[in-house]
Amino acid sequence: MIPGARGLTRRLRSLLRNREGLFASRPTVVTLAALSCFLLTVPLTIGKPGQPATLKADEPAYYLMALSLARDFDLRYEPADGDRLLEEFPFASTHNLILMTSDGWSSAHYGKPLAYPLFAAPFAALFGANGMVFLNMALFLAMVWLAAVFLARRTAPATAAAFACGLLLLSACSRYVFWLQPEVFNMFGVFGALYWGFENRRRAWWLTALSGVLLALPVYNKPMFAAIALPIAGAFLLRRQWKTAAVWTAGFTVTLALLAGTSQGMTGQLLPYLGSDVRAAVRVCEPGDWPPEILEARRIEEARSAGEPEPTSGSTTANVIPESPTGNAFTWLFRIPRQSVGEVVENVGYFLVGRHAGLLPYHPFTGIVLALFLLGGRRDRDRWLLLLSLVVIAGYFLLFIGWNWQGGGGFVGNRYFVSVIPAFLFLVPGRIPPWTVPAGFTAAGLFVGAMVLAPFGVSVPSPTLQAHTRNAPLRYLPFEFSLRNLPGYERDGGPGPSGPSAGAGRPLVGRRARAERALPRITAPLRRPGALRLLAGGGEPRPCEAGRRPAGRRRVRGSQPTATGRPALPQAPQNEAEGRPAELRPPRTHRDHARRTDEVDPGPAAGPVRRLRLEPGDRGDLLPRRGAAHPGQ
């Protein structure tokens, strides 16, 4: 029997018999149990294939890693692994599969940490992608229950349960339950570490060790989360509880060592992020074949080995593997920040109230928690240390990746910081005023209600993951111009060549670019011409070479199989020279007065591209580009 399991069972029976804390209110427990049963069964009924139609962000790697562990017991990528995408996601090519190699692409391994796929593999073996969503939902509901139990020691059970649901369910956190990524897994690791670190009153050694084990899981995925150890192990040391600190540290260290050792044995790297020679996002285009980027890299390597000139015929920039911005080295974590004070201050404002990734609009209850903590109640040293750790994590993202702190191309809210949002629960100092619950629910309805009720997105013109930002009041919040990658928007490069490649590798509209063009600072609603373009014809993911029709032929594809073996969704007529929609018109809305201009992208294979330029009279809610719910978003 697990150490302490008998005592834990006895404790649960005592709570149910004596009705202590949350269990003192039977209606609250019944309501929470009914909600849990409903939410826990939803993932098992999601139709596949079809919902969702394709994978996004980093999902392809984590999904295939879980299946590879379940079926092959390894993390090596082979063309047969890519064919597994056809089982549940056959409607579109995959454009963001993260792979890595240390032998010039003679072999390839998945380039993501294995902690989440390792736990998700049994569920993926039973239910496929729905099994991974089921795991996310189970962990998420466990957090809701533990949060309600924690708060019920300080306030009425009904208020505690409602506040816990508001903080977790009515925020961007709940959206990630339906993502095949480790965000919810990381949330549970952070939450569990703090819960059993703070609430282990009897200092049972196995609960202390469990706290260290749980925190090691998200830290292995993102090393900066190690700051959460400050209010746990740091508090033990400040109280001179040497044995307790040693037990916690042992659990944390041993778990990290086991994960790193397993990764070393399966992939040859202790941590995929910071050890491989090459780590890149590739496309899966043809069933039974390697990604075109890997094929191109092998051609170049073979030519170099034979002393021949590098092949140029047939190769395109779409097939070139880009250089990693981190250099795949551990030193990247400790480099000197290269941002001015003004840029940091600007990013702090975006971090708090930004339109796409603001903390307060996407997690309304965090504002209430901070107000309760700072304005009243008991504020002990442990809570101050916790607040300091959250500031350290946020500051790291803003200082070291100030152009990408929101979470890369695929995000809802701040994807990097969302993993530590449950930690705000432990900042609640004492009794929760009942009025904060309806106030928080109202704020959540205004900012994230439509998003929470549509976890798979909505069918709108120009759909992207950021479609909800077109709604009021989100569209009136500041636009995060410091970010490099906001899917659906194109940076206006000013004079000179234009097009998707013109602004590659630079922020969307950075401070320096705005100063050079002497443009006024933007405020919502946007009233500045030329700042951003709604890209109707370009900027989509790199097209797969296979399955193209000869130039000059235009037709609308239906649900018939294509040359890649995938059923195709209906699409707009194609401009074959570019592989992009040829004649796309903007939606017939209040933006009909927008001026359309024809421009030509540079390059030998470029074709005409329709663009929309925002006029001074436009309301400026910045519609994302058409067609683009692609994996990179």
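Computed values, structure above
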| quantity | calculated |
| --- | --- |
| Positions within segment 228-277 being under 29 Å from the mean Cα position of the chain (by Cα) and not in a helix (DSSP H, G or I), in sequence order | 230, 231, 232, 268, 269, 270, 271, 275, 276, 277 |
| Segment 381-421, residues that are over 29 Å from residue 237 (Cα atoms) and among the charged types (D, E, K, R) | 415 |
| Any hit, segment 121-135, residues being closer than 24 Å to residue 414 by Cα, touching a residue at least 40 places away in the same chain (Cβ under 8 Å) and assigned to a strand (DSSP E or B) | no |
| Test: residue in segment 224-234 that is touching a residue at least 60 places away in the same chain (Cβ under 8 Å), surrounded by fewer than 22 Cβ atoms within 10 Å (Cβ to Cβ) and at positive phi | no |
| Residue 369 being closer than 27 Å to residue 214 by Cα and not in a helix (DSSP H, G or I) | no |
| Matching residues, segment 366-382, being in contact (Cβ under 8 Å) with a residue 60 or more places away in the chain, open to solvent by less than 20 Å² (accessible area, probe 1.4 Å) and of a type outside the set (S, T, N, Q) | 369, 382 |
| Output for segment 429-440, where each listed residue is farther than 13 Å from residue 367 by Cβ, out of contact with any helix residue (DSSP H, G or I) (no Cβ under 6 Å at 6 or more places or on another chain) and either of a type in the set (Val, Ile, Thr) or assigned to a helix (DSSP H, G or I) (or both) | 438 |
| Selection from segment 441-471 of residues that are assigned to a loop (DSSP other than H, G, I, E, B) and farther than 26 Å from residue 163 by Cβ | 456, 457, 458, 459, 460, 461, 462, 463, 464, 465, 466 |
| Boolean, residue 68 is buried (at least 18 other Cβ atoms within 10 Å of the Cβ), hydroxyl-bearing (Ser, Thr, Tyr) and over 24 Å from residue 408 (Cα atoms) | yes |
| Count of segment 16-30 residues which are among the charged types (D, E, K, R) and at pLDDT 85 or above | 1 |
| Complete set of residues in segment 242-272 that are farther than 24 Å from residue 232 by Cβ and touching a residue at least 24 places away in the same chain (Cβ under 8 Å) | 262, 263, 266, 267, 268, 269, 272 |
| Flag if residue 412 is outside any loop (DSSP other than H, G, I, E, B) and open to solvent by less than 20 Å² (accessible area, probe 1.4 Å) | no |
| Residue 195 vs. criteria of a type in the set (Ser, Thr, Tyr) and open to solvent by 10 Å² or more (accessible area, probe 1.4 Å) | yes |
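The values are calculated or read from the model by the stated rules, or taken from the named source; none is laboratory data. All values reported here derive from a predicted model rather than from experimental measurement. Because the Cβ atoms are built from the backbone with ideal geometry, glycine has one as well, and the counts that use them run over all protein chains shown. Side chains included, ligands, DNA and RNA excluded: accessible areas come from the protein's heavy atoms. Shrake-Rupley method; radii C 1.70, N 1.55, O 1.52, S 1.80 Å.
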